[in-house]
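The values are calculated or read from the model by the stated rules, or taken from the named source; none is laboratory data. Treat the numbers as computed from the prediction; the structure is a model and nothing was measured. A quick note on method: Cβ atoms are made from the backbone with ideal geometry, for glycine too, and the neighbour counts reach across all protein chains shown. Please note that ligands, DNA and RNA were not included when accessible areas were found on the heavy atoms of the full protein model with its side chains. Shrake-Rupley method; radii C 1.70, N 1.55, O 1.52, S 1.80 Å.
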Amino acid sequence: MKKKLVFITGAGMSAESGIRTFRDSNGLWEEYPVMKVASIQGYHEDPELVIRFYNDRRRQLLECEPNEGHRLVAALENDYDVTVVTQNVDNLHERAGSTNVIHLHGELMKATSSDNPNDPNCIVEIPSDNPGIHIGDKANDGSQLRPFIVWFGEAVPKIEPAIIEVSQADIVVIIGTSLNVYPAAGLINYANNDAKMYLIDPKPVKTSSLRDIHVIQKGASEGMKELTELLKTSNTPQ
Ligand code: APR
């Protein structure tokens with residue numbers, strides 16, 4: 001029986017693929033007013049601005065590739081029952097080979113209904129050869145097509161399944177998140193007492209958890225190389 005390994009990843013996981021983080025220096029939220037481009041209120045006030053913002057991010061994503069960190073996360077599926085819980089809206093975990101990914105904040109390569117954003121009948125793939133959404137494009141329920149993103153001010157429907165995954169994990173690995181945004185940041189508190197916890201980030205990260213967390217103060221790729229070695233030694237039968 002494979003041990004259950006759950007990753008909780010954030011923007012830093014994709015930084016080495018060339019995708020900007022949000023709160024680092026030169027982060028996305030330094031350039032864009034977050035509540036204007038990433039909140040439900042901002043979308044209602046100026047849907048065209050928001051649709052354009054995500055069109056730009058989608059076009060940038062299409063020029064990016066998964067990094068070594070994504071690939072090493074996917075490779076651990078050979079030895080572990082892996083779930084990736086990500087705050088990222090990019091598809092780099094999947095493109096690196098991860099087969100069990102929960103996107104807490106939505107998916108950039110999908111679009112949905114403005115009236116019923118979580119109706120599965122309205123969630124559609126955006127083709128990479130035509131990655132733009134425009135005012136006037138209609139969802140399956142006839143409302144304006146919008147990015148399939150969970151904006152500030154909206155519920156996070158995937159948090160419940162994510163909590164279940166974390167609570168059942170033997171190992172929890174946090175990579176590339178400042179743990180600033182709830183409910184995602186609160187996930188680490190659901191790790192059971194026997195779970196081994198690791199955190200990979202080049203900078204120190206404040207965690208609300210009182211747990212003993214093994215910190216690897218490196219970037220995602222170098223950190224995942226170190227973690228893979230650590231897991232190999234800890235997993236070999238004594
Ligand atoms: N490897 C690993 N971690 C890195 C790297 C790297 N190469 N570069 C930066 N980091 C770390 C930073 O030190 C920081 O801790 O990634 C983290 C990025 O933090 P944020 O920019 O706050 O991103 P994140 O935590 O994912 O934000 C959460 O906020 O605005 C919302 O919806 C948005 O999902 C996002 C959420």
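Data overview
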| item | result |
| --- | --- |
| Relative contact order of segment 40-156, pairs being alpha-carbon contacts under 8 Å that are 6 or more residues apart, as % | 26 |
| Computed [θ] at 222 nm, deg cm²/dmol, the chain (DSSP H ≥ 4; -39,500 (n - 2.57); rounded to nearest 500) | -8000 deg cm²/dmol |
| Gain in span if fully extended, Val124 to Lys232, counting 0.36 nm per residue against the direct Cα distance | 34.9 nm |
| Surface accessible to a 1.4 Å probe, per residue, for the residues of segment 33-187, Å² | 43 |
| Total charge dipole magnitude, the chain, about the Cα centre, Cβ charges on Lys, Arg, Asp, Glu only, Debye to nearest 20 | 440 |
| Burial ranking of peptide ranges 86-99, 158-171, 23-36 (average Cβ count within 10 Å, highest at the top) | 86-99, 158-171, 23-36 |
| Cα-centre dipole for segment 20-144 with unit charges at Cβ (Lys and Arg positive, Asp and Glu negative), debye to 20 | 200 |
| Heavy-atom accessible surface of segment 38-126: percent carbon and sulfur, 1.4 Å | 43 |
| Average Cα contact separation per residue, the chain, under 8 Å, 6 or more apart, as relative contact order % | 23 |
| Estimated vicinal HN-Hα couplings, Hz - segment 223-231 in sequence order (Karplus 6.51, -1.76, 1.60; Gly, Pro = x) | x, 5, 4, 5, 5, 4, 5, 4, 5 |
| As computed over segment 98-211, the Cα convex hull volume per residue (Å³) | 140 |
| Cβ crowding within 10 Å averaged over residues, with 102-115, 140-153, 222-235 ranked highest first | 102-115, 140-153, 222-235 |
| Semi-axes of the equivalent ellipsoid for the chain, Cα gyration tensor, largest first, Å | 32, 18, 17 |
| Phi to ³J(HN,Hα) by Karplus 6.51 cos²θ - 1.76 cosθ + 1.60 over segment 144-153, Hz, x for Gly, Pro | 4, 5, 10, x, 7, 10, 8, 8, 4, x |
| Under Karplus coefficients 6.51, -1.76 and 1.60, residue-wise ³J(HN,Hα) of segment 97-109 in Hz, glycine/proline x | x, 5, 10, 9, 10, 9, 9, 5, 10, x, 9, 4, 8 |
| Rounded to 10°, Cα long-axis angle of helix 47-62 versus longest principal axis of the chain | 50 |
| Spatially proximal lysines relative to Lys138 (Cα-Cα < 30 Å; intrachain offsets below 8 disregarded) | Lys36, Lys110, Lys158 |
| FRET efficiency for Glu30 and Ile163, using Cβ-Cβ distance with R0 set to 30 Å, rounded to 0.05 | 0.45 |
| Net lengthening on full extension, Val156/Ile135 (0.36 nm per residue, minus Cα-Cα) | 5.1 nm |
| Rg/Rg_ref, segment 97-151, where Rg_ref = 2.2 N^0.38 Å and atoms are Cα | 1.13 |
| Segment 95-148-segment 1-39 distance, computed between alpha-carbon centres (Å) | 19 |
| Extended-chain gain in nm, criterion 0.36 nm per residue less alpha-carbon gap, Arg23 and His214 | 66.4 nm |
| Farthest toward positive dipole pole in the chain [+1 Lys/Arg, -1 Asp/Glu at C-beta], among His214, Thr21, Val37 | His214 |
| Projected label distance in nm at Asn100 and Tyr182, using a 7 Å step from Cα toward the beta-carbon | 2.8 |
| Label-to-label distance, nm, for residues given as Asp194 and Asp46 (7 Å Cα→Cβ offset) | 5.4 |
